[in-house]
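I have placed the structure first, in the form of structure tokens, so that the comments after it can refer back to it.
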Amino acid sequence: MAERETAAQLAEIASRGDQLGDILARAIPDERAAPAWELVTRADRILLLAHEKPDPDTFGSALGLAFALAPLGKRCVVACADPVPANYTFLPGRETVMTDLPDEDFDLVIALDAGELSRYGALYSRHQAFFDHATILNLDHHLSSSGIGAYAIIDVPSAATAELLTILLLNRGVPIGREAAICLLAGIITDTRSFEFEATTDRTLMAGAYLVAQGATPQDIIKPMYRMKPLAKARLWGRALQSLETTANGRAVWAVIRQEDLTAAGATPDMDDGLPAYLKDIEGVAMAALFREQPDGRTRVSMRADAPYDAAALCGRFGGGGHARAAGCTLAMSMDAALRTFIPVMEETLDAHSE
Ligand SMILES: [Mn+2]
């Protein structure tokens, strides 16, 4: 497609990006953006921190910022306590991410996508003395974040830290090149699950549009992140879906995965990831459970529930926990005993609300 674009078309795309850029630049007050950028301007060597159990937003924010700052002559190091997951193939610069701090000094630490130092995991616990004295800039979007360091922007309206960064860079007049745009779009797309979650606003979409205008391609992120799967995972889901059962007029469903299913599918235990939500999305279902036989013979239950049902409360009765919409517990009993124990509790809970 690129070779068919005329110079006039490219100029038009660029000016569309410019107009969006102007709107986005005004989405953060100058007096809020300026102190953050003052810290960046004064620093030469900058450590960009991604939080532990990383997601593409924390990595995309750190790498995107590194790409945007490099032309300004800043020396950036991106670090995370955990390595970059293998399926994040869409992130340029992922091979530069360090899992420990290099033995050098930094003028500034930028902590991204988490507002407590403990969330940076082993990087923080191994180097507390360094962090105690470091100048820290904290950029995040989580409501629960307290904010750390010399200056923090916790921008809750941003669906992703990458959205906040897009706005901040544009407000400060820093160009966002293609590589930075890909990293930032990865953060926005994954924190909104492709613009699906409630946190998605018109501003989120505008930031996405701006980054696409800079050369990022949504499909390159969405496909490896959400669509590609190993054959063994498809086989495992096939076996689990064969076991699907329903009760309470289809308002509750459950499926089972036994050890023999993992063996037959050639699957690893983590390959059930996404299956409980898939069961919950069956029409008419208010409550879904996935029962997984553990190697020691116990049974792990992963539950999803719609309001007003509380999956955490239900799983809490069996020593588990989680959130109202998603929770889990482990029953110290065989699969068959677990089904006989857990299903009636789901039925009772549904009955209690239907009166
Ligand atoms: Mn995030």
What number goes with the only condition from (1) modelled with pLDDT under 95; (2) of a type in the set (D, E); (3) under 30 Å from V345 (Cα atoms) that D281 does not pass? (1)
Any residue at all in segment 92-107 that is surrounded by fewer than 21 Cβ atoms within 10 Å (Cβ to Cβ) and either of a type in the set (S, T, Y) or not assigned by TED's automatic domain parsing to the domain that holds L63 (or both)? yes
Selection within segment 110-139 - surrounded by 15 or more Cβ atoms within 10 Å (Cβ to Cβ) and of a type outside the set (A, V, I, L, M): D113, G115, E116, R119, Y120, G121, Y124, H127, F130, F131, T135, N138
Test T96 against the criterion of being among the β-branched types (V, I, T), modelled with pLDDT of 95 or more and either touching a Cys at 6+ places or on another chain (Cβ under 7 Å) or under 30 Å from M228 (Cβ atoms) (or both), and give yes or no. yes
Go through segment 140-166 and give me each residue that's among the aliphatic types (A, V, I, L, M) and surrounded by fewer than 24 Cβ atoms within 10 Å (Cβ to Cβ). L143, I148, A150, A152, I153, I154, V156
Please enumerate the residues belonging to segment 187-236 that are surrounded by 19 or more Cβ atoms within 10 Å (Cβ to Cβ), touching an Asp or Glu at 6+ places or on another chain (Cβ under 8 Å) and either not in a helix (DSSP H, G or I) or not assigned by TED's automatic domain parsing to the domain that holds L168 (or both). L236
For a quick check of your reading of the model, give me the residue pairs whose first member lies in segment 139-158 and is farther than 16 Å from A62 by Cβ, whose second is hydrophobic (A, V, I, L, M, F, W, C) and more than 12 Å from the ligand (Cβ to nearest atom), with beta-carbon atoms closer than 7 Å and at least 6 apart or on different chains. A150/L39; A150/I136; A150/L137; Y151/A36; Y151/L39; Y151/L137
May I ask you to list the residues in segment 122-145 that are within 16 Å of the ligand (Cβ to nearest atom) and out of contact with any Leu (no Cβ under 9 Å at 6 or more places or on another chain)? H142, L143, S144, S145
Spans of helices (runs of 4 or more DSSP H) in segment 241-355 with at least 3 residues of a type in the set (K, R) and farther than 25 Å from R227 by Cβ: none
As an exercise: evaluate F59 against (1) surrounded by 13 or more Cβ atoms within 10 Å (Cβ to Cβ); (2) modelled with pLDDT under 95; (3) assigned to a helix (DSSP H, G or I) and give the number of the one condition it does not meet. (2)
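The values are calculated or read from the model by the stated rules, or taken from the named source; none is laboratory data. These numbers come from a predicted model, not from an experiment. Please note: Cβ atoms are built from the backbone with ideal geometry, for glycine as well, and neighbour counts cover all protein chains shown.
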